[in-house]
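Taken together, the values in this text are just the output of simple stated rules run on the coordinates, not laboratory data. In this text the structure is predicted, and so the values were computed from the model without any measurement. No Cβ is skipped: glycine too gets one built from the backbone with ideal geometry, and neighbour counts run over all protein chains shown.
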Amino acid sequence: MPLISLDNGDTLNSQQVVKMLECHDGRHQFGMSDGSLHAGFVDEPERAFFPIVPAVPGFKTIATDIFNGVRRWDIRSVVAWQICPGGNFALAAGPSNEEGYAALIEPDGAVVDCDGDRFDSLEAFQQSVEEADAAHRKAA
């Protein structure tokens with residue numbers, strides 16, 4: 001049950017929304033099954049209506065970022081998939097702001113990055129990213 005969090009503090013259960021309208025000022029108005037109306041600003045409210053299905057064990061997400069000049073890696077288990085028009089989106093365990101998402105580890109250990117490039121292992125993917133980092137530093 002994805003929730004919709006509005007800028008005014010209201011949190012809506014997407015399963016109770018029967019109608020959604022985008023207003024001229026950019027707000028969204030939601031008609032609820034109990035007849036109430038809620039309006040507010042929210043990014044991508046349609047995502048709350050895409051189905052979520054449990055994941056089979058073995059998939060993991062890789063998020064990465066550079067902090068104080070050091071590349072950090074965050075690897076988390078995929079617990080579910082959100083079925084979206086553009087493809088399936090991995091939902092990982094733990095808090096996330098979706099920033100730094102880089103790749104997906106498949107159950108066999110292969111890695112697929114955001115561009116669709118495949119790597120035989122996490123180590124091969126990390127080496128590729130670190131080589132790109134070095135090339136970036138050299139060019140700067």
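Tabulated values for the structure
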| read-out | value |
| --- | --- |
| Of (i) 46, 37, 22; (ii) 58, 47, 27; (iii) 57, 38, 24, the label for Cα extents along the principal axes in Å derived from the coordinates | (iii) |
| Estimated [θ] at 222 nm from DSSP helical runs (n ≥ 4, -39500 (n - 2.57)) normalised by residues in the chain, nearest 500 | -4500 deg cm²/dmol |
| Over the chain, relative contact order from alpha-carbon pairs under 8 Å, at least 6 apart, % | 14 |
| Per-residue HN-Hα couplings for the stretch 21-26 [Karplus 6.51, -1.76, 1.60; θ = phi - 60°; Hz; x = Gly/Pro] | 10, 9, 7, 4, 8, x |
| Sites residue 134 and residue 112, calculated FRET efficiency, Cβ-Cβ separation with R0 25 Å, nearest 0.05 | 0.65 |
| Amide proton proximity set for residue 92, modelled H, under 5 Å, gap of 5+ | 79 |
| Length added when fully stretched, residue 70-residue 32, from 0.36 nm per residue minus Cα-Cα | 9.0 nm |
| Global geometry of the stretch 3-49, whether rounded, prolate or oblate, following the gyration tensor of its Cα atoms and the 1.5 cut on a/c | rounded |
| Net charge of Cβ neighbours under 10 Å - reference residue 41; Lys, Arg +1; Asp, Glu -1 | -2 |
| Counted charge near residue 84, where neighbours are those whose Cβ lies closer than 12 Å (Asp, Glu -1; Lys, Arg +1) | -1 |
| Principal-axis tilt of helix 122-139 within the chain, Cα atoms, nearest 10 degrees | 80 |
